[in-house]
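Read through the structure below, which is laid out as structure tokens, and then see the notes.
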């Protein structure tokens, strides 16, 4: 793992847990001094992330649950897909934790590709996995999500919970609103996504809440090779 300078935390107050700091940030107005200190801490966190990821090259980001063990089919799917991505010369980026994230970083490592993790500090679940070449750690979800999107050319999404749903729809929103260029979004695990796709196709689309062009670049499959062929042809075609 690359050797980077030690990271500092929020500047106020030093004895608060990460959860307490997030709650304090979101619970309402504070003094100008406290808010100024928070802005300084957030700015420093962005700068650390930009510095750590400054030279990673083209990469593909994998999203998915932290809760699937290595013998689960979704873990195997992510591991295989990431190895194929690495074989095409792309780095692999994940949230840096266990489950699907570990599987993708592991597949990248096995393919000899650069393996990157953007880990968020949580009370449980989110310990960095052992397959990372570059680890960037964050206290704030919103900073971490900027990093996961900023450096990626494509997004491969496997089954997951609230966090994965958040990542899907935030990425889709950024593409829809032109905040980022159109990138391929691949959903793997067709049975898992059936109800969600049905909602999008049967409610959002016919109601006019989204347009058909908002779904361009979205691909659904179970086969890792099909997924990666789609991603590579979309990026390089």
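The values are calculated or read from the model by the stated rules, or taken from the named source; none is laboratory data. Keep in mind it's a predicted model, so treat the numbers as computed, not measured. In this analysis, Cβ positions are derived from the backbone assuming ideal geometry, glycine residues included, and neighbour counts consider all displayed protein chains.
Residue 70 is checked against (1) surrounded by 12 or more Cβ atoms within 10 Å (Cβ to Cβ); (2) under 26 Å from residue 170 (Cβ atoms); (3) at pLDDT 95 or above and fails just one. What number does that condition carry?
In the conditions (1) surrounded by 12 or more Cβ atoms within 10 Å (Cβ to Cβ); (2) under 26 Å from residue 170 (Cβ atoms); (3) at pLDDT 95 or above, residue 70 misses (2) alone.
Is it the case that some residue within the range 40-50 is touching a helix residue (DSSP H, G or I) at 6+ places or on another chain (Cβ under 7 Å) and farther than 23 Å from residue 143 by Cβ?
no
Among the listed residues 60, 92, 76, which satisfies the condition of being in contact (Cβ under 8 Å) with a residue 60 or more places away in the chain and touching a helix residue (DSSP H, G or I) at 6+ places or on another chain (Cβ under 9 Å)?
Being in contact (Cβ under 8 Å) with a residue 60 or more places away in the chain and touching a helix residue (DSSP H, G or I) at 6+ places or on another chain (Cβ under 9 Å) holds for just one of 60, 92, 76, which is 60.
Hey, among 108, 113, 104, which residue is under 20 Å from residue 231 (Cα atoms), in a loop (DSSP other than H, G, I, E, B) and in contact with a strand residue (DSSP E or B) (Cβ under 7 Å, 6 or more places away or on another chain)? Even if it seems obvious, please write down each step before you answer.
Values: 108 fails: in a loop (DSSP other than H, G, I, E, B); 104 fails: in a loop (DSSP other than H, G, I, E, B).
Every option except 113 fails the conditions.
I'm told residue 108 meets every condition in (1) buried (at least 24 other Cβ atoms within 10 Å of the Cβ); (2) more than 11 Å from the chain's Cα centre (by Cα); (3) in contact (Cβ under 8 Å) with a residue 40 or more places away in the chain except one. Can you identify the failing condition by its number?
Evaluating residue 108 over (1) buried (at least 24 other Cβ atoms within 10 Å of the Cβ); (2) more than 11 Å from the chain's Cα centre (by Cα); (3) in contact (Cβ under 8 Å) with a residue 40 or more places away in the chain leaves (3) as the failure.
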